[in-house]
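*Asks:* Encoded as structure tokens, here's the structure I'll be asking about.
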Amino acid sequence: LLPSMASLPMLMVYYVTENRTEIVVPLLLRGFLGTSVQLGFLYYVYMGLLAVFATNAINILAGINGLEVGQSLIIAVSVMVFNLTSLSGLSRSYHEFSLYFILPYIGTTTALLAHNWYPSKVFAGDTFCYFSGMTFAVVSILGHFSKTLLLFFIPQILNFLYSLPQLFHILPCPRHRLPKYIKEDDKVTMSTTCVPWMEVKPLGKLIVNILSKFGFLYTERKLVNGVDSVVYNNLTIINLILKFHGPMHEQSLTLVLLVIQFICSIIAFMVRYPLAHALFGEIVV
């Protein structure tokens, strides 16, 4: 609700200053749809949903020291690099506008990361996630590169897709899905949920069986108070990494996740330009 309300002023600014709601049609479909399609109101729905996604995507890939701030910093630096490399193009003014916001954000987030890194002295929480998500939504929408921003959100998109069964309560979802702390070893391990198997919805059972078969879900069947129950890891890529690797020190886990974020940003740059050329026959910057 909060991101939806916060996006309204941004959408009003977009309406007053630009109000461009057409999208360029890929080459394969231009014979049917023409070179562009006007989406009208639906484009504003898309921009509002992007703001909601950006804030919540960071928020659900969180919970260990340095992760929220670290991933946001890597995304912000990726946006900055994209803006700098696009200053010589036709959209120079839009990328300059983005830089006016993203450069101060990088400075403040870098300072915050110094205090949020393990062992954290400052807890980022929902406030920072909302602030970060809205910053990315504003610069990408008003800077006209929202689709490119989604490429920088590859880990967050994968985490969202992996989390869908619990987010939509197809599988029971606890209030918190953070890794479990092992005090004796000073490490964290995957957190799990245990529910009676008969209470799992048919679609949930299908998802459990498929993910377990392909190795993307830890499952264990056991009797709990005489009731046949299933134990499975909570569906976040944090817990998935811990499933594959086993218990890790929290700082090491954060580093692994940030390296994945960095690699995905490199992939985003490698994909963005060839993909744009293949789909649209030109690269507009």
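*Asks:* Name the helices (runs of 4 or more DSSP H) wholly inside the range 175-285 in which the number of residues that are among the hydroxyl-bearing types (S, T, Y) and more than 23 Å from the chain's Cα centre (by Cα) is 1 or more.
*Replies:* On the way: elements: 202-213, 237-245, 250-280.
Ranges flagged: 202-213.
*Asks:* Next up: Yes or no: the range 40-48 includes at least one residue that is out of contact with any Leu (no Cβ under 9 Å at 6 or more places or on another chain), of a type outside the set (F, W, Y), under 17 Å from V138 (Cβ atoms) and not in a helix (DSSP H, G or I).
*Replies:* Within the range 40-48, the first condition is being out of contact with any Leu (no Cβ under 9 Å at 6 or more places or on another chain), and the residues that meet it are 40-43.
Still in the list and also of a type outside the set (F, W, Y): 40, 42.
Right, trim to under 17 Å from V138 (Cβ atoms) and you get none.
Taking every residue of the range 40-48 in turn, none turns out to be out of contact with any Leu (no Cβ under 9 Å at 6 or more places or on another chain), of a type outside the set (F, W, Y), under 17 Å from V138 (Cβ atoms) and not in a helix (DSSP H, G or I).
*Asks:* For the list (1) in contact with a His (Cβ under 6 Å, 6 or more places away or on another chain); (2) in a helix (DSSP H, G or I), I need the number of the one condition that A51 fails.
*Replies:* It fails just one condition, (1).
*Asks:* Now a separate question. Right, L171: assigned to a loop (DSSP other than H, G, I, E, B), more than 16 Å from the chain's Cα centre (by Cα), surrounded by fewer than 13 Cβ atoms within 10 Å (Cβ to Cβ) and of a type in the set (A, V, I, L, M) or not?
*Replies:* no
*Asks:* Another question, if that's okay. Just checking, which of S93, S78, S88, S72 is surrounded by fewer than 17 Cβ atoms within 10 Å (Cβ to Cβ), part of a helix (DSSP H, G or I) and among the polar types (S, T, N, Q)?
*Replies:* Details: S78 fails: surrounded by fewer than 17 Cβ atoms within 10 Å (Cβ to Cβ); S88 fails: part of a helix (DSSP H, G or I); S72 fails: surrounded by fewer than 17 Cβ atoms within 10 Å (Cβ to Cβ).
Result of the check over S93, S78, S88, S72: S93.
*Asks:* Now a separate question. If I ask for residues that are without any contact (Cβ under 8 Å) to a residue 12 or more places away in the chain and surrounded by 13 or more Cβ atoms within 10 Å (Cβ to Cβ), which ones from the range 116-138 would you list?
*Replies:* Scanning the range 116-138 gives V122, F131.
*Asks:* All but one of (1) modelled with pLDDT under 95; (2) exposed (fewer than 14 other Cβ atoms within 10 Å of the Cβ); (3) assigned to a helix (DSSP H, G or I) hold for G107; state the number of the condition that does not hold.
*Replies:* Condition (1) is where G107 drops out.
*Asks:* Condition first: open to solvent by 30 Å² or more (accessible area, probe 1.4 Å) and of a type in the set (S, T, Y). Now tell me which residues in the range 190-208 satisfy that.
*Replies:* In the first step, residues of the range 190-208 are kept if they are open to solvent by 30 Å² or more (accessible area, probe 1.4 Å); the result is 190, 192, 194, 196-199, 201-203, 205-207.
Listed by number, the list holds a single entry, T192.
The values are calculated or read from the model by the stated rules, or taken from the named source; none is laboratory data. Treat the numbers as computed from the prediction; the structure is a model and nothing was measured. Because the Cβ atoms are built from the backbone with ideal geometry, glycine has one as well, and the counts that use them run over all protein chains shown. For the accessible areas, the whole protein counts, side chains as well, though only heavy atoms, and no ligand, DNA or RNA atoms are used. Shrake-Rupley method; radii C 1.70, N 1.55, O 1.52, S 1.80 Å.
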